[in-house]
There are 2 protein chains.
Amino acid sequence: MKIGIIGTGMVGATLGSKLVQLGHEVKMGSRTANNENAVEWAKSNGSKASAGTFSDAAAFGDVIFNCTAGGVSLNALKLAGSENLKGKVLVDVANPLDFSKGMPPTLTVCNTDSIGEQIQRTFPDVKVVKSLNTMNCKVMVEPSVVPGDSSIFLAGNDAGAKEKVRGILESFGWKAGTIIDLGDITASRGTEMVLPLWMRLYGLYPNQSFNFRIVK
Amino acid sequence: MKIGIIGTGMVGATLGSKLVQLGHEVKMGSRTANNENAVEWAKSNGSKASAGTFSDAAAFGDVIFNCTAGGVSLNALKLAGSENLKGKVLVDVANPLDFSKGMPPTLTVCNTDSIGEQIQRTFPDVKVVKSLNTMNCKVMVEPSVVPGDSSIFLAGNDAGAKEKVRGILESFGWKAGTIIDLGDITASRGTEMVLPLWMRLYGLYPNQSFNFRIVK
C-alpha cells in the first residue's frame, strides 16, 4: 500500500517506520520539502521511505495518517490539499493538547466537538477514521509492549474505511478482539477527552508503556 | 462509621445499601425530609438506615457521599450546609452529564475545571475525594461483576482523606493494586472527562458491567 504521513514528530516517524517494515511505501510530509526530520527519517528507513511536502505525501498515499499536533491539524491538512485527500482514508491520530498555559495541558477543543469531527466537516470527501490517539506511539505499533491485551478504538462514518484501518491495526499486532468500534466520527470526542486522564497516568508511569483495557 | 448520602437516585441507594450491609449507619438526604425514594430506601434497609434532609444527612455523617447529578451538586451541598460538612471527608461521585440537549450527553463543566474542583473551592474546609465516578454503580460496590481486575481512581488534596476512602473501597472489594491515586483534586477533570467514552461503551455493552483497566 502507498501511505502518506502528515507530520514529522515522533508519532509520524514511529508509525512511518512500522509501515515501511510491514512492506508499505511511505512518504512523510512536512511544511517544506526538505524538513530535516523527514529527510533524516527517509534516509534511515530505506528505499520504501521518502520525504516531501504535506501535499506530496497526501497525493502519494492511498491511506493518509494525520500525525500533526491537534491544534495545527486543520491547517496542515489544508496545505496537504483537499484535491489530494479526496476519497481517501485519513487516519486521524491527533490530540488537541495545549501545553501553552503550562501543566496540566488543556484541550483546544472538546465536549461538543473534536479534532476528528473538525477534519471530517472540513473535508467531507475524505473518509476520516479516528484511532490510535489514546496511547503512546510505542504502544500503537507494538501492542505487546503492554503486558496482556489492551484496547484500541475506532470512530468514523465510513464502514469500509474502518475495516481498512482495522486491517492496518491487526498488521501492527492488535488482536481482533481488542479493537473496539465506537461508532461514527462524533465518538472522537470520547477518545480525545481521555487525554487528561492519560496525562495523569503518564505522571505515574513515565515509561508510557501503559494503556486502557476495557474489561467486561 | 456514620455515613451521609446526598442524593436519592440509584447511585446513592446502591452505595447506601452496600454501606449498611457492611455495618455502617447511613442516612440518605434529599431536598425534603420525606422524599419517597429516601423513605422507601430506609424502610427496606433495616435499622441502620434512615432518611432526612440534605442537612440532616450531612450533620449525621462522618463521611459524606455526594451522589447527586453533577449539574445540581453545588446547590445540594449548599443546602446540606457548610457548617455540617466542615472538616469531613466528602466522596464526590458526581458526573457533569447534561442530557438536556439530547444524546450524546455533553458535560456541564470540563477541560479547565470539574465538579470535584468546584466543590473543593466552594467548601475549602471539606476534604473532597473524587472517586467511583468512572463506572456503573453495580460495579462500584461489587467490582467482581466485571471479570478480572479493573481500575478505580482517587483524586484529592488530603492524603488522610484519600486513605480513608481507599479503606472504604477495599471494603467494597476493590483490591489494593486496582486503586490508582491520580494526585490532587484537579485530576477530577480527567476522570469526569472519560464519561463521553464511557457513554459510547455503554451503547455497546448495555448491561453496564464493564470498566476501565489500566494495564502496564
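Is one or more of the residues making up the range B:128-139 farther than 22 Å from B:Ile214 by Cβ and surrounded by 17 or more Cβ atoms within 10 Å (Cβ to Cβ)? Checked the range B:128-139: at least one residue is farther than 22 Å from B:Ile214 by Cβ and surrounded by 17 or more Cβ atoms within 10 Å (Cβ to Cβ).
Here is the figure for the range B:60-84: residues that are surrounded by fewer than 20 Cβ atoms within 10 Å (Cβ to Cβ) and under 11 Å from the mean Cα position of the chain (by Cα) total 1.
Of these, B:Gly148, B:Gly87, B:Gly102, which one is surrounded by fewer than 16 Cβ atoms within 10 Å (Cβ to Cβ) and away from chain A (no Cβ under 14 Å)?
Working: B:Gly148 fails: away from chain A (no Cβ under 14 Å); B:Gly102 fails: away from chain A (no Cβ under 14 Å).
On inspection, the qualifying residue turns out to be B:Gly87.
Determine whether B:Ser114 is more than 8 Å from chain A (Cβ to nearest Cβ), in contact (Cβ under 8 Å) with a residue 24 or more places away in the chain and among the polar types (S, T, N, Q). Criteria met by B:Ser114. For A:Lys164, are the conditions met, namely being within 18 Å of A:Gly16 (Cα to Cα), within 14 Å of another protein chain (Cβ to nearest Cβ) and not hydroxyl-bearing (Ser, Thr, Tyr)? No.
Every listed requirement among (1) surrounded by fewer than 23 Cβ atoms within 10 Å (Cβ to Cβ); (2) within 16 Å of the chain's Cα centre (by Cα); (3) at the interface with chain B (Cβ under 8 Å from one of its Cβ atoms) is met by A:Lys216 save one, (2). What are the residues in the range B:132-181 that are out of contact with any Ser or Thr (no Cβ under 8 Å at 6 or more places or on another chain) and among the hydroxyl-bearing types (Ser, Thr, Tyr), if any? Within the range B:132-181, B:Ser144, B:Ser171 qualify. Evaluate the following for A:Arg189: is it in contact (Cβ under 8 Å) with a residue 24 or more places away in the chain, facing another protein chain (nearest Cβ under 8 Å) and in contact with a Cys (Cβ under 9 Å, 6 or more places away or on another chain)? When the stated conditions are applied, A:Arg189 passes them. Considering only residues that are crowded, with 19+ Cβ neighbours inside 10 Å and of a type in the set (Gly, Ala, Ser), which ones fall in the range B:165-196? Hits for the range B:165-196 are B:Ala187, B:Ser188, B:Gly190.
Every residue, every condition in (1) under 17 Å from the mean Cα position of the chain (by Cα); (2) surrounded by fewer than 18 Cβ atoms within 10 Å (Cβ to Cβ); (3) closer than 30 Å to A:Ser114 by Cβ, yes or no:
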site: B:Val11; (1), (2), (3): yes, no, yes
site: B:Leu19; (1), (2), (3): yes, no, no
site: B:Ala94; (1), (2), (3): yes, no, yes
site: B:Thr112; (1), (2), (3): no, yes, yes
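Just for the range A:174-185: of the residues that are in contact with a helix residue (DSSP H, G or I) (Cβ under 6 Å, 6 or more places away or on another chain) and of a type in the set (Val, Ile, Thr), which one is nearest to A:Met140 (Cα to Cα)? Taking the candidates together, the pick is A:Ile179. Residues in the range A:199-213 that are under 18 Å from the mean Cα position of the chain (by Cα) and more than 8 Å from chain B (Cβ to nearest Cβ): A:Gln208 only. Screening the range B:21-33 for residues that are buried (at least 21 other Cβ atoms within 10 Å of the Cβ) and of a type in the set (A, V, I, L, M, F, W, C) and picking the one that is farthest from B:Ser82 (Cα to Cα) gives B:Val26. How about the range A:169-185: which of its residues are more than 7 Å from chain B (Cβ to nearest Cβ) and either over 27 Å from B:Val145 (Cα atoms) or small (Gly, Ala, Ser) (or both)? Selection gives A:Leu169, A:Glu170, A:Ser171, A:Phe172, A:Gly173, A:Ala176, A:Gly177, A:Asp184, A:Ile185. Scan the range A:34-49 and tell me whether some residue there is surrounded by fewer than 19 Cβ atoms within 10 Å (Cβ to Cβ), among the small types (Gly, Ala, Ser) and in contact with a helix residue (DSSP H, G or I) (Cβ under 7 Å, 6 or more places away or on another chain). Scanning the range A:34-49, I find at least one residue that is surrounded by fewer than 19 Cβ atoms within 10 Å (Cβ to Cβ), among the small types (Gly, Ala, Ser) and in contact with a helix residue (DSSP H, G or I) (Cβ under 7 Å, 6 or more places away or on another chain), so the answer is yes.
None of the figures in this text is laboratory data; all of them are computed from the coordinates on show. For clarity, every value in this text was computed on a predicted model and none was experimentally measured. Using ideal geometry, Cβ is built from the backbone for each residue, glycine included, and neighbour counts are taken over all protein chains shown.
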